[in-house]
Amino acid sequence: MMNGNAIQYKRRSQIGSVLYRLKKNKLAMFGLFLLIVMVLIAICADFIADYDEMAIGQNIQERLQRPSSEHWFGTDHFGRDIFARIVHGSRISLSLSIIAMLFAVAAGAIIGAIAGYYGGRTDDILMRFMDILLSIPPMLMSISIVAALGQSMVNLLIALGIAYVPVFARVIRSTILSIKGQEFIEAAKACGTSDARIIFKHIIPNAIGPIIVQATLAMGSVILIISSLSFMGLGVKPPAPEWGTMLYEGRDFLRQAPYLTLFPG
């Protein structure tokens, strides 16, 4: 009974642990603030600006209009409202980054948990492979994977997920190494609980705090990589209103209409 109460208390304390870690890390707090703002904008995008009419609908008569009360950020060379495209672009960037992070967290959690729990040769093989991936900058790895597999949304998500798997694998492994010798883990083993159940029910939930902090810090980098790949023609395809794609399309009008790249940038 005591062990059960201790485990329940430990689970309830996870939210407090996450908040404590976030409060200690100012960069993570700032990233969380920006993430919340982006989420709110993405959720309310349809109420802020019409997608079909303003974000992707072309109106040649209003092409390259300067910022005004009617078009806050001006219009592009197809007459599309830049403000509307930026607002709806936040939904694309945020959705892609969240999906990529979920993939990276899931794969990293499994690899890190297996390496940390079993140790020995298993740990050496898995973590050396993670070290190899970690030695490659995420941007370079993403470019290489997308260039090899071809330009598509799925390949972009695969590339981003693989690039960040080692980060979460190391975070989870370090957490597991610090708790796998504790009493509630030994009690679960003594009760005949399977290794898989111990890993997924008792160990990984205790790494939620560090995972959330790391994911918050990584979200900004992932969004920048998505925009960079789109700018290079390896990410989201036009006419989707993605920020990097908007920068790519506006580069030919830097002198005539600098606001085409100023506001998306």
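For ARG80, the residues whose amide H sits under 5 Å from its own are ASN59, ignoring neighbours fewer than 5 places away on the same chain, with H placed 1.01 Å from N.
Would you mind ranking PHE33, PHE168, PHE129, PHE184 so that the residue whose beta carbon has the fewest other beta carbons within 10 Å leads the list? Display every interim value, and only then the final one.
On the way: PHE33 11, PHE168 26, PHE129 14, PHE184 17.
In increasing order of surrounding Cβ atoms, one gets PHE33, PHE129, PHE184, PHE168.
For THR261, THR175, the sequence from fewest to most other C-beta atoms within 10 Å is THR261, THR175.
Only the coordinates and a few stated rules stand behind these numbers; no lab work does. The shown structure was predicted, so the numbers you read here are calculated from the model rather than taken from an experiment. When we count neighbours, we look across all protein chains shown, and the Cβ atoms used for this are built from the backbone with ideal geometry, even at glycine.
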